[in-house]
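*Asks:* Just dropping this structure here.
The values are calculated or read from the model by the stated rules, or taken from the named source; none is laboratory data. Everything quoted here is computed from the prediction, not taken from an experiment. Cβ atoms come from the backbone with ideal geometry, glycine included; neighbour counts cover every protein chain shown. Areas reflect the complete protein model, heavy atoms only, side chains present, ligands, DNA and RNA absent. Shrake-Rupley method; radii C 1.70, N 1.55, O 1.52, S 1.80 Å.
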Amino acid sequence: MAATAPAAPAESELDRSGAEDEPRGTEPEEDGGNGQAGPTAGAQQQHRLAKLPLSRIKALMKADPDVSLASQESVFIIAKATELFVEMIAKDALVYAQQGKRKTLQRKDLDNAIEAIDEFAFLEGTLD
């Protein structure tokens, strides 16, 4: 029997950015580590996975008088949710910028996305 090369992933298996989806529960492996796993190893890995500064997210969370403590996991989850939200609204606003034959997002593009998409209804009037 001859071995065949794996077929390219179908378009449905690709996310919006064109990257292949990774199975859940898999995380990138670290090279150059000393092989020891500890409490800081998880925090460092989470920090690399988040694009927003976790220390600022934690400071914003603690600015709320109802929040006394914020675990590293909760800060990471809030950071990732924020990243996904910003990505989603930016992509939707980009559609309106492209309709206007522009590559730069403007406030009116965000306003149009907020008005047109039901998920952003809670933002109506916030940019005024």
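*Asks:* Check Leu105 against each of (1) in a helix (DSSP H, G or I); (2) surrounded by 13 or more Cβ atoms within 10 Å (Cβ to Cβ) and name the one condition it does not meet.
*Replies:* (1)
*Asks:* Looking at (1) of a type in the set (D, E, K, R); (2) under 23 Å from Lys51 (Cβ atoms); (3) open to solvent by 90 Å² or more (accessible area, probe 1.4 Å), find the lone condition where Asp128 falls short.
*Replies:* (2)
*Asks:* Now a separate question. Please state which of the following conditions Ala70 fails to meet, knowing it meets all the rest: (1) closer than 24 Å to Lys51 by Cα; (2) open to solvent by 50 Å² or more (accessible area, probe 1.4 Å).
*Replies:* (2) is the only condition that Ala70 fails.
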